[in-house]
Every structure is written in C-alpha cells, then in structure tokens.
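Quick notes on the structure that follows.
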Amino acid sequence: MSRHPVRHPRSSVDVKELLRRSALAGAVQVELEFADITGALKSVFVPVRRLGEVLDWGEWFDGSAIAGSTRELEADMYLRPDFDTFSLASSSDPICARLICDVVTPDGERYPGDSRSALRAIVAQALEGGLEYWVAPEVEFFLFPADSEGLRPNRPETSAYFERSRGRSRQVELKIVSSLERMGIRIRSSHHEVATGQFELDLPFRDALWTADALSTLKPAVKELAASFGLRASFMPKPLVDAAGSGMHTHQIVLLADGSNAFTDAKAPYGLSEVGRRFAAGQLYHAPGMSALLAPLVNSYKRLVPGYEAPVAGSWGRHNRSALLRVPTPERETASSLDADGTRLELRLPDPSCNPYLAFAAMLTAGLDGLEAELELGPPMEELDHGFQGGPKQSVRSLPASLGEALVALENDDVIAASLGSGLIDLFVAAKTVEWERYRRQVTPWEIDMYLDQY
C-alpha cells in the first residue's frame, strides 16, 4: 500500500550514525515503539535496510490502535521516530534496534490522542516559563512462578524489606538491571520490597519525557526477562489480598534555568520553597482528578486502602507514609539535583499500571496550576502529631474510592482536561469506562462465599 506523508526534516549525519550503529551491532530489524491510550507498548517492526527511509518519512500504521480496547474505525497515522531514543535490545535474537515514536497525522501534525506528544507539549510549556520538570519513580513489582495455578511466592524466598534475596529471583533481578542498563535505561538502585517476592527498581532523576520513555520500555522488558527464568513478573497494583500492593512513588523536582532546584529553601520549614509549596498545593487540589490517570485500574483502588502505607486522602507531611505527598529529608544540605539531593516532593498516588506519559503530564499540569493560581499549602499531617496518636484531625480532600469515582473526578477537572486536550481525555475515559462497566457486571468469588447461603 503506497502512502505519502510529509517528509520529516532530518540530519543526514544523524541518519548515517544510526545506520552505522545498527550495522556494527548486526541488527536485522528496527522496532518502532509507541504507547496506546492505556500505556500498553505497541510495536511495528521494519527491516533495518528501511531505517533511513523511516527516519525521513515515518512509518504508516493503523492509528485506531491508540484507542486500546475501544478500537473501532481505522485511521491513517504515522510513527515519527525520536532519534534520542535509539538503542539496541539487549536480549533479542536476532538483534533488534529500537526507537520510540511520536504519533503524527499524514500531514505531519501532532495527533491529539498521542499521550507522548501530550507530555512533550506540557513539558515545553513549563520550559517556556523557565521550569524543567524532573522525576525519579520507584517501580514495584512481584515475581511469581510461571507454572503456578495461583499467585504463590517462590520458595525459598525472602519476605523482608531490603532483605537480600536468593535463588531464581535474585538471578532475575541481576539480569533485569544489567539488561536495562545495556538498553540505556539507568537504574539508581534495586532491592527487595515488603511483601514476599516483591521487588523495587529505582530510577534516577531525569527529565519527565526520558523517564516516561524508560518506564514504557521497562515493564515489557522485565516481563520478558522473568519469563526466560520461568517466572511471571506482574506490575498489578494489588495482586495479593493480605500483602502490600505495588506502587510507583514518584519523586519530583523542578529545575530553574541555572540548574538550581526551585523547591529548595533552606530557611523555610521542611526546606520547601514557595514554589515547592504552591506546586504541592496544586497536586493536592487536583489529586481526585489525577487519580484515574495515576491509578488507572479497577484493581488500583484495592491498593489505596488504610494499613499498607498507601494514601487514602490528600494529606502531606514528611514522616507520614500514608500521606499523598511527602517531603523527604534531603540527603545532604548541598542540593545536587542529579543525585536527588535537596528538597523534593514524593507523590505516592501513582502505581506502575499507569500510562507514564499521561501520569507525568497530569502531575506537571497540577503543579503548574498551583503556581499560576498561587494556591496555599495547608498544614502537614504527621503520624505522631495529627490523628494517629489521638491528636487533632485535619480536614483533607478524600481520594476516589473506585475507578468509577475517579473517572467522574477526571471529567470534572477542567484544568487537566484543557491541558491534556479534551480529545485525549475522552479517549482515555472511553477506554476505562469499558473496563469499569465490565467489572461492575462481575459476580466475584467473595460475593458467592459471603451471600449465597446467607440470603
């Protein structure tokens, strides 16, 4: 099928360099990656001999794949590769190169339903105001035996926070980190988490777009590597009833033009500057509207319950692990943004099932709105001072208790809808409404056990 999109302006030097690197590695295919509205990674593969052509012209695909489970009519779209994302898959055979792509229309314009382009646009808006948004997520996941009928942990397996794991799980962890590093995805650290068979990968502070790209690639890569060891990796927020869920706590800073951390004020309480306070206030205010984007599954709201160090309301503090937003103690007095030192905001609402492009776009939008509207940050809620030891209780905004409530809150948040685009929000809500309605029609084993004989 012959299609003729608008030619993308490219540097011949860049094209030659990528062709040289592909040939040197012996790559035979190029994987063109993009994310659908839910964040699921999709791919189009082309022979490496077509790399120059694709870099110049892009590659046609059926754009209805962006809509996820609500796919209906075919729409001609093009994948525009981002040169900066070029890497070589570390474990593929035959060797495959990789490029992450933006989705554009046949005339070369940004497709409104592309979540990566939406994040890029909001990041650019912040840069115009002299602010650069950097994030460092902590990605939690479980490893289960692939041959298990139920979700049971590996044996023998550790079950303690930061305990050194052994056996297959430890080998998989080593393989995961080394493979991701070879793919250009930097890992700051990794460790065993609270629940048995639960692990965490901590990414370093980088700009939001780089980090979203890394997360988009990280999850399927971890799943593939685990499968090669006879294990099943799951980023499901709450796979086990009586164990901690998997979150994606995200540390955030905003850099000024001179590279300094805009959140840091050593003389202010918590070391939090006025910019940081207003940014935090914006995220607390928009937390209900952000919830569907940051915690996008029916299952996400099984994690957001009391007792498992997960947020249930829009509070903030330093030591309160159930707060929505924490201001961790700086590692050192001298703020080095690259090492995550200095004052930072840790948002504890996201989980690893989210579309990272939409999540970071919403988080940045909320923070910027706090700055623009000059929102005031209320008093902190600390475990030892407020409500936990009989102290006074603080009035805070409750988070949605279900995906259905979260979708309503998202539709009612005009700021997030205007920033991300009503078309993209409509597409997301449509896909997630299908999921919510399917869940509502289910009769679960718990209901049978609870009610069948009683009524």
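Read the figures in this text as sums done on the coordinates, not as results from a lab. Small disclaimer: the values here were computed from a predicted structure and weren't measured. Positions of Cβ are generated from backbone atoms using ideal geometry, with glycine treated the same way; all protein chains shown enter the neighbour counts.
Each label point is 7 Å from the Cα along the Cα-to-Cβ direction; what then is the distance between the points at Asp453 and Glu224, in nm?
Output for this residue pair reads 4.9 nm.
If the only charges are +1 at each Lys and Arg Cβ and -1 at each Asp and Glu Cβ, what is the size of the charge dipole of the range 20-144 around the Cα centre, to the nearest 20 debye?
420
Describe numerically, in nm with one decimal, the distance between label points set 7 Å from Cα along Cα→Cβ at Ala430 and at Ile95.
Computed distance between label sites Ala430 and Ile95 equals 4.3 nm.
Between their Cα atoms, which of Lys42/Lys432; Lys175/Lys302; Lys16/Lys175 are more than 23 Å away from each other? Write down the numbers at each step before the final one.
Details: Lys42/Lys432 18 Å; Lys175/Lys302 31 Å; Lys16/Lys175 32 Å.
Among Lys42/Lys432; Lys175/Lys302; Lys16/Lys175, the Cα-Cα distance tops 23 Å for Lys175/Lys302; Lys16/Lys175.
Give the residues of the range 352-383 whose amide nitrogen is closer than 15 Å to a point set 7 Å from the Cα of His319 in the direction of its Cβ.
380-383
Using a 10 Å cut-off on Cβ atoms, rank the peptides 19-29, 426-436, 320-330 from the highest mean neighbour count down.
320-330, 426-436, 19-29
Normalised by the number of residues in the range 163-307, what is the relative contact order in percent for Cα pairs under 8 Å and 6+ residues apart?
15
What is the local net charge at Gly404, summed over the other residues whose Cβ is closer than 11 Å to its Cβ (Lys, Arg +1; Asp, Glu -1)?
Charge balance near Gly404 sits at -1.
7 Å from Cα along Cα→Cβ at both Phe45 and Val408: what's the point-to-point distance in nm?
4.6
Tell me the relative contact order for the range 242-295 as a rounded percent, counting alpha carbon contacts under 8 Å between residues six or more apart.
Relative contact order here is 17 percent.
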